[in-house]
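Encoded as structure tokens, the structure appears first; notes follow it.
FYI, it's all coordinate maths here, none of it is from the lab. From a predicted model like this one, the values you see are computed outputs, not experimental measurements. With ideal geometry, Cβ positions are generated from the backbone for all residues, glycine too; neighbour counts draw on all protein chains shown.
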Amino acid sequence: MADKKYESLKIENIVASGVIAGSIDLVELSNKVKNCELNKKRFPGAVYRIADPKIACLIFSSGKIVLTGIRNNKALADGLAIVVSSLKEAGIEPLKEPKVAITNMVCSYDLGRYINLSKLVVTLNVENIEYEPEQFPGLVYRIKDPKIVVLIFSSGKIILTGGKNLEDIKRGLDVLEQKLESIM
């Protein structure tokens with residue numbers, strides 16, 4: 001049952017990180033795995049681009065990994081399976097159970113109405129708000145619980161980031177809408 005309230009909520013990006021192996025020979029990996037590049041002068045890790053699902057992976061010699069560009073949990077699982085398989089094919093032994101978790105979600109949402117940001121700043125008057133229209137056209141609102149950062153634009157479009165799951169994002173959205181209802 002889809003909740004009508006969150007109809008315009010869209011996951012734009014998920015970042016996950018963790019450990020997939022004890023240690024990794026990045027030269028070996030980049031030589032044996034297609035779409036895996038290593039340029040130690042520019043970056044200390046290997047960059048592995050997966051086409052489907054479209055994910056970029058940063059792989060480090062310590063065995064740590066950061067995956068970005070993920071759109072859902074299935075894409076994360078599929079991407080991780082591809083990385084593990086590629087490691088095995090390159091002769092690198094991955095952990096039996098890689099310890100990878102979502103560290104950040106970025107979502108967009110449309111409030112469906114114009115927001116007067118100047119009025120919002122004056123009315124809220126709290127220390128967890130930043131608004132400098134000369135620098136950036138959006139208002140930055142930091143919610144403490146759940147720990148979510150919301151970028152609010154006058155068009156009513158918003159970006160929510162910092163959540164580790166969709167429930168955090170939805171709770172942050174609820175906190176924001178309660179604040180907006182109390183002043184708009």
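Some points to look at:
- Test result for Pro53, of a type outside the set (D, E, K, R), part of a loop (DSSP other than H, G, I, E, B) and closer than 21 Å to Asn165 by Cβ: yes
- Residue ID - farthest from the chain's Cα centre (by Cα), chosen from residues in region 67-105 that are within 16 Å of Asn35 (Cα to Cα) and in a strand (DSSP E or B): Leu67
- Pairing each residue of region 151-163 that is surrounded by 18 or more Cβ atoms within 10 Å (Cβ to Cβ) with any residue that is in a strand (DSSP E or B) and of a type in the set (Asp, Glu), provided the two are 6+ apart or on different chains, yields C-beta distances under 8 Å for Ile158/Asp110.
- Residue match in region 111-133 (condition: of a type in the set (Gly, Ala, Ser) and under 19 Å from Ser8 (Cβ atoms)): yes
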